[in-house]
Amino acid sequence: MTRLPRPAVLVVMALALVAATAAALLQRNESLERTRELSERTAPDEWFHGQRAFPGIEIPQARFQAALEQVMVERQVDASALGTSAASLTWQPVGPYNIGGRVTALATAPGGVTVYLGSANGGVLKSTDSGVHWIPVSDANSFFSIGALAIHPVDPAIVYCGTGEANGSVDSYDGNGLWRTTNGGASWSSLGLAATARIAAVAIDPSNGNHVLVAAMGRQFSTGPDRGLYRSLDGGATWAKPLFVNDSTGVCDVVFNPQHPETVFAATWERVRRYTYRRAAGPGCGVWRSIDAGASWTRLAGGLPAPSDDVGRIALAIAPSRPSMVYAQIITGVTGGYVGQGLYRTTDGGSSWVRRDGGISFRDSFGGFGWYFGEIAVSPVDPEQIWTCGVSLLKSNDGGVSFVDVTGVAHVDQHAMWVDPSDPSRRYLGNDGGFFWDTGGGWVKSVDLPITQFYAGSVDKNNPLKVLGGTQDNNTHKTESDPFNWSFVLGGDGFYCLSDPVDTNILFAEWQNCCGRTGIRRSTTNGSTFVTASGFANADRYNWSTPIAMSPKNHNLMLVGSHRVYLSTNNGVSFVPVSGDLTTNPASVLVYGTISTLDVSGVNDSVFYAGTDDGRVWRSVDKGAIWTNISAGLPVRSITRVVADRFDAQVVY
């Protein structure tokens, strides 16, 4: 991630400006955001995976790695060797730095000044000022989806990175094993385990830095043996697998007893996803204990839920001040709606367990997609004080009997937390909105974290400094000049967005599934307010990232797709359907069989093109009256983009 030069005055001004507006923006949208989280994401979409894997089951990881390696090689080539046109291209990042993105892991060195952050698709970043500023430290290597981080107990320059996000999300790639740096991120070396695909946790023996345990979930869309608990006694040079349940069950958490590291706890999680079948629970889910430093394992019972199809993901945490006290955050299965099943605790090192939570606040804090969360934290000085990470961050001062929501102005969807061992009032939080810190006065957001995940974006044709983008769980934003100050436009996950080339105050944007199947949004106030375009049928199938297209010749002519094409001739105020179902209408438990891309010819605006997520491409030469299937000769793949040639009406890409 190359950075723009940042004079100190610019940074200070940008930080001050964003800090002053962040709280107001978050408070303005937090209620809407949380409501939308619960309503839209209880059945999360497979858009990212389907684009890349269809018609197969797995994303071809070898091709992804080959593409990364090609990029690495090309970065080393002198631009002058690529030809005059390529040599003349100069790239500068336009941000955003202040929006953030999904943080999946945190590892903090003693003192809290040096922090490592793992992101869903942005690699590892490092801060040396307690999370205020960040620099990427893994971009020179070929791992970007991060599942876990761990710092050596004696030498903080040694950091282990488990790749492949394990949160059950489908908008991230598999990883390529375990990596280690011995110089604070300046360089990394591979320690193998590439076949594990997704690493949920890395734990290092506090008494022996060469004793490393890795919790591996395996590939997400297939079963297989490359999952379980891996153990190394030589710092990752060699590995054994002492805990394996079955080919659909991985290990999602592992923790050492800090005072008696021969005692280790692990959690197993059964998880399989398909286009027509999925589950994130099952009898393979459970809590395990080792009393010989991970060499052998025993499944625990004694008050824990019995193995069943309704036991889901489990997060573990040991109370540092009383290591015989262990907490287990357990999610229900599909029949329970993937909410919190219970907060369990043992006070005798795992022999017996008692359910602690008694209210609905814990149960409902996971939003119906509890498989997305796997973190719980305990105060280093008070074993009764805990935090559970779900959609919201909940805090309990009585060991989980009662909870209070302490999310405050922090973003939703919590994935990682650090509590300062020397001062529990100092905490770091990683979530879908980035990195936040709290030193006792409430959460403060880092506004220097370039890991935002964009679904789509556009540039104002009359002002190239005006850039819009729709992002994963971070709304639709725009900037008109400053990469450090992108501003909120529309809530939810953001997708396609456009700035009208005739009137720059007119914007179009959406959140998932064409704004929940009600229609795209149109603004005449440069994004300050929006109204819903009319004419859309709620019963249609809409892509997670519903395509929007505007004619290059006529800004009044616009297209939007569900499983059929909608046309507007009045600049997006209203739409009418102009096609039948252009998909194969496949049977699926997912929203599938949708139009995934649209375009209008820049030579003849009577010519429309449409592509579908199940492999079809269509053309109309009469503004949608008749559609012709032109898929013959194409491989059967998800059509991610169809583009009409801007100079030749007979050419389409």
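The values are calculated or read from the model by the stated rules, or taken from the named source; none is laboratory data. The structure displayed is predicted, hence computed values, not measured ones. Neighbour counts run over all protein chains shown; Cβ positions are idealised from the backbone, glycine included. Remember, those area values only see protein heavy atoms, side chains included, never the ligands or the DNA or RNA. Shrake-Rupley method; radii C 1.70, N 1.55, O 1.52, S 1.80 Å.
See the values below:
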{"item": "Solvent-accessible heavy-atom area per residue, rounded to whole Å², over the chain at 1.4 Å", "result": "37 Å²"}
{"item": "SER352 versus ASP309: modelled label distance in nm, points set 7 Å from Cα along the beta carbon direction", "result": "3.3 nm"}
{"item": "Where labels lie 7 Å past Cα in the beta-carbon direction, separation of SER296 and SER574 in nm", "result": "7.6 nm"}
{"item": "Interchain or long-range residues, amide H under 5 Å from CYS252's placed H", "result": "ALA267, THR268, TRP269"}
{"item": "Ranked order, THR196, THR584 - accessible area, probe 1.4 Å, largest first", "result": "THR584, THR196"}
{"item": "Farthest positive-ward along the chain dipole, Cα basis, beta-carbon charges - from ALA66, VAL406, HIS555", "result": "HIS555"}
{"item": "Under 15 Å, Cα to Cα: Lys pairs in the chain, sequence gap 8 or more or different chains", "result": "4"}
{"item": "Prolate/oblate/rounded call for the range 535-653, Cα gyration tensor, a/c under 1.5 rounded", "result": "oblate"}
{"item": "Three-way shape call for the chain based on the alpha-carbon gyration tensor, with the a/c threshold at 1.5", "result": "prolate"}
{"item": "Under 5 Å, built H, 5+ apart or other chain: amide partners of GLN341", "result": "ILE330, ILE331, THR332"}
{"item": "Value of relative contact order over the range 111-150, rounded to a whole percent, pairs C-alpha under 8 Å and six or more apart", "result": "41 percent"}
{"item": "Extension reserve of the ASP622-THR182 stretch, reckoned as 0.36 nm per residue once the Cα distance is removed", "result": "152.1 nm"}
{"item": "Which of ASN474, TRP511, GLY535, positive extreme of dipole for the chain (C-beta unit charges)", "result": "GLY535"}
{"item": "Sequence-separation-based contact order of the chain, relative, with Cα cut under 8 Å and 6+ spacing, percent", "result": "9 percent"}
{"item": "ILE135, ILE595, ILE291, ranked by accessible area, largest first (probe 1.4 Å)", "result": "ILE291, ILE135, ILE595"}
{"item": "Linear extension gain, SER422 paired with THR529, 0.36 nm per residue minus alpha-carbon span", "result": "33.9 nm"}
{"item": "Cα centroid of the range 132-146 to Cα centroid of the range 543-614, whole Å", "result": "37 Å"}
{"item": "Two-site label geometry, ILE360 and ASP382: point separation in nm, points 7 Å out along Cα→Cβ", "result": "2.8 nm"}
{"item": "Segments 209-219, 259-269 sorted - mean Cβ within 10 Å per residue, highest first", "result": "209-219, 259-269"}
{"item": "Crossing angle, helix 8-40 versus the chain [Cα axis fit, 0-90 degrees, rounded to tens]", "result": "90 degrees"}
{"item": "Calculated from backbone phi, Karplus (6.51, -1.76, 1.60) coupling profile of the range 117-127 in Hz, x at Gly/Pro", "result": "10, x, 10, 5, 9, x, x, 9, 10, 10, 10"}
{"item": "Farthest positive-ward along the chain dipole, Cα basis, beta-carbon charges - from VAL600, ILE360, SER425", "result": "VAL600"}
{"item": "Accessible surface of the chain, 1.4 Å probe, proportion on carbon and sulfur as whole %", "result": "56 percent"}
{"item": "Contact order normalised by residue count of the range 520-653, Cα under 8 Å, 6+ apart, percent", "result": "18 percent"}
{"item": "Length gained when the stretch ALA649-ASP129 is fully extended (0.36 nm per residue, less Cα-Cα span)", "result": "181.7 nm"}
{"item": "Acute angle (nearest 10 degrees) that the helix 61-76 long axis makes with the longest principal axis of the chain, alpha-carbon atoms", "result": "80 degrees"}
{"item": "Part-to-part distance (alpha-carbon centres) for the range 363-398 and the range 628-649, which is given in Å", "result": "48 Å"}
{"item": "Dipole magnitude (debye, nearest 20) for the chain, charges at Cβ of Lys, Arg, Asp, Glu", "result": "640 debye"}
